[in-house]
Every structure is written in C-alpha cells, then in structure tokens.
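The values are calculated or read from the model by the stated rules, or taken from the named source; none is laboratory data. In this text, all values refer to a predicted model and were calculated from it rather than measured experimentally. Virtual Cβ from ideal backbone geometry, glycine too; neighbours counted across all protein chains shown. These accessible areas exclude ligands, DNA and RNA; they are computed on the full protein's heavy atoms, side chains included. Shrake-Rupley method; radii C 1.70, N 1.55, O 1.52, S 1.80 Å.
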Amino acid sequence: MTKAAICGAAGRMGKTILEVIGDTDGIAAGAAIEQSGSPALGLDAGEQAGIGTLNVSVTDNIESVLDDFDVLIDFTRADAVLENLETCRAGNKKAVIGTTGLTAEQQQVLQAASEEIAIVFAPNMSVGVNLCFKLAELAASVVGDSTDIEIIEAHHNRKIDAPSGTAVRLGEIVAAELGRDLAECAVYGREGFTGPRERKTIGFETIRAGDIVGEHTLMFAGEGERVEIRHVATSRKTFAGGAVRAAQWIMDKETGLYSMQDVLGLS
C-alpha cells in the first residue's frame with residue numbers, strides 16, 4: 001500500500017486529492033500538511049475534507065511525519081514546494097508536484113533534486129490535457145508554419161499566476177516543434193494599435209473570472225479554416241486523479257524527473 005502525504009490538505013485541491021485517494025485502491029493518505037496558522041491544524045484530515053475519519057491529523061511540520069508517507073503530492077506555492085522538496089530529498093521520499101509558476105531557477109532545483117529522488121512534475125495532471133499536449137505537437141508539425149497560433153486560457157478569479165502553466169506548456173510544445181524560441185515569439189495580450197500580426201508569433205490571452213476550473217484552447221488559424229484543440233475541466237477531480245495516478249506510477253522509480261507524458265506512456 002502506497003502512503004501519500006498531501007500538502008495543502010485543507011485547500012480545495014488538497015481536499016479533492018484526499019477524496020480521490022479514498023476512492024482509489026492501492027494508495028492511502030499517510031500524512032496531511034498545512035501552513036502554520038491554518039485553522040485545520042490538529043483536525044482529522046478526512047473529517048475536515050468532509051470524507052469521514054482517516055486517523056491522520058493535519059500538521060504544519062512535514063519532518064514530524066516523514067516516516068508516515070512514501071510520496072508527497074504538492075500543489076501549493078512555489079516557495080513551499082521547494083522547502084518540502086528539500087525535506088523529501090533528505091528523507092529519500094518521492095514527490096509529485098503540480099504547482100505552476102515555478103521560475104527557471106526553481107525548476108533547476110527540481111532537476112538537481114531528481115538526481116537523488118524520483119519526481120513527477122507537470123503543469124497539469126489531467127489525463128485529457130496531457131493528451132492535448134500530444135495533439136498540439138502533431139498539429140504544429142502539420143499546419144503550424146502556415147497558420148496564426150493563439151492560446152486562450154480561462155481560470156477562476158483566485159488563480160495567482162498568468163498565463164497558466166498549461167498554456168505556457170502548450171506554447172513551449174508548439175514553439176519547439178516549429179523551431180522557435182517561445183521567449184522571443186510569445187505575445188501576451190494586445191492593446192492599442194499593434195499593427196499587422198506577425199506570423200511567427202504565438203499569442204496568449206488570459207481570462208480570470210468566477211469559479212472556472214480550467215479551460216484551454218489552442219488555435220491554428222489559416223486562410224479558410226482553423227483547427228482548435230480544446231480542453232475544458234469541470235471538476236478538480238480530473239487533476240487530483242492524475243496526481244494520484246502519478247503517485248502510484250512513480251513508486252518503482254528510484255531517481256529522475258518525469259512528466260505526465262511519462263506517466264501516461266505518451267513520451
């Protein structure tokens with residue numbers, strides 16, 4: 001039985017992960033972690049998530065529960081992720097990280113840690129989104145050079161980074177397939193007299209509104225037709241389910257940095 005530690009256990013994503021774990025064979029919640037000052041500290045993780053008693057108390061000290069889990073699942077803030085990752089590194093624990101907005105330097109820390117422990121890091125754990133990543137690569141190879149490429153994403157009004165990690169990843173995949181540097185060809189929003197569109201650019205548009213779980217559209221617009229690859233998430237369970245799947249998949253890996261493409265056999 002795989003034992004998982006859930007970071008941010010009292011948040012919306014953390015509670016959903018706890019629920020999915022409870023419905024999945026072969027894995028159980030071994031630890032639940034929250035930030036200092038959280039009103040959930042000391043409570044039973046299952047009871048505060050509304051799924052019944054788990055006999056796992058929410059704590060703000062990951063080191064105190066290091067012996068209670070095999071793999072960490074973390075969707076919290078980037079700075080917290082790196083602190084938790086260092087603890088996992090010292091304790092030889094595996095990690096599944098779904099946090100977005102990590103800088104290049106922070107991702108280098110993940111790469112270094114993966115030389116000692118196994119890590120799955122993905123901007124989106126959804127099975128459907130990762131299928132879209134594969135389709136984006138194919139579409140870019142077929143029509144990318146002859147179309148205008150735009151990426152539109154929408155999320156709830158509490159999301160703190162923009163564009164989303166998923167949107168950026170879509171841009172990276174398309175740019176790589178077309179031999180472009182996303183840092184040079186990305187356009188983030190437009191305003192005023194921008195002039196004619198440059199064919200080689202990749203546009204990003206961001207929407208933050210209400211309780212939108214997550215929507216992404218990758219558009220290849222040409223003369224007389226356009227191709228759209230679209231994914232709409234209606235529940236956080238799609239992300240939680242992917243994370244739990246990754247946590248089980250990684251158990252036979254000793255070291256290395258993996259993606260959901262690896263988990264799903266799409267690499």
### Message
With under 21 Å from Glu83 (Cβ atoms) and not basic (Lys, Arg) as the only criterion, which of Gly52, Gly30 stands out?
### Response
Gly30
### Task
Within the range 56-75, track down each residue that is within 23 Å of Arg245 (Cα to Cα) and open to solvent by 40 Å² or more (accessible area, probe 1.4 Å).
Asp67, Asp68, Asp70, Phe75
### Task
Hey, could you check the range 195-213 for residues that are open to solvent by less than 70 Å² (accessible area, probe 1.4 Å) and touching a helix residue (DSSP H, G or I) at 6+ places or on another chain (Cβ under 7 Å) and say which is nearest to Gly22 (Cα to Cα)?
Phe204
#### Entry: Residue that is surrounded by the most Cβ atoms within 10 Å (Cβ to Cβ), among those in the range 88-100 that are part of a helix (DSSP H, G or I) and of a type outside the set (A, V, I, L, M)
Cys88
### Query
Among the residues of the range 228-256 satisfying the criterion of being open to solvent by 60 Å² or more (accessible area, probe 1.4 Å) and assigned to a strand (DSSP E or B), which is farthest from Ala113 (Cα to Cα)?
Glu228
#### Entry: Enumeration of residues in the range 53-83 that are closer than 26 Å to Gly101 by Cα and of a type in the set (Gly, Ala, Ser)
Ala78, Ala80
### Query
Which of the residues spanning the range 73-112 are within 12 Å of Ile33 (Cβ to Cβ) and under 14 Å from the mean Cα position of the chain (by Cα)?
Ile73, Asp74, Phe75, Thr76, Val81
### Message
Going through Gly14, Gly30 one at a time, which residue ends up being under 30 Å from Ala112 (Cα atoms) and surrounded by 23 or more Cβ atoms within 10 Å (Cβ to Cβ)?
### Response
Gly14
### Message
Among the residues of the range 134-149, what is the count of those that are open to solvent by 30 Å² or more (accessible area, probe 1.4 Å) and either within 16 Å of Tyr188 (Cβ to Cβ) or hydroxyl-bearing (Ser, Thr, Tyr) (or both)?
### Response
3
### Odd one out for Lys134 among (1) touching a residue at least 24 places away in the same chain (Cβ under 8 Å); (2) among the basic types (Lys, Arg); (3) within 21 Å of Met13 (Cβ to Cβ)
(3)
### Task
Enumerate the helices (runs of 4 or more DSSP H) found wholly within the range 111-225, keeping only those where 2 or more residues are closer than 19 Å to Gly98 by Cβ.
127-143, 165-178
### Query
Considering the range 142-169 alone, what residues qualify as being among the small types (Gly, Ala, Ser) and farther than 13 Å from Ile229 by Cβ?
Ser146, Ala154, Ala162, Ser164, Gly165
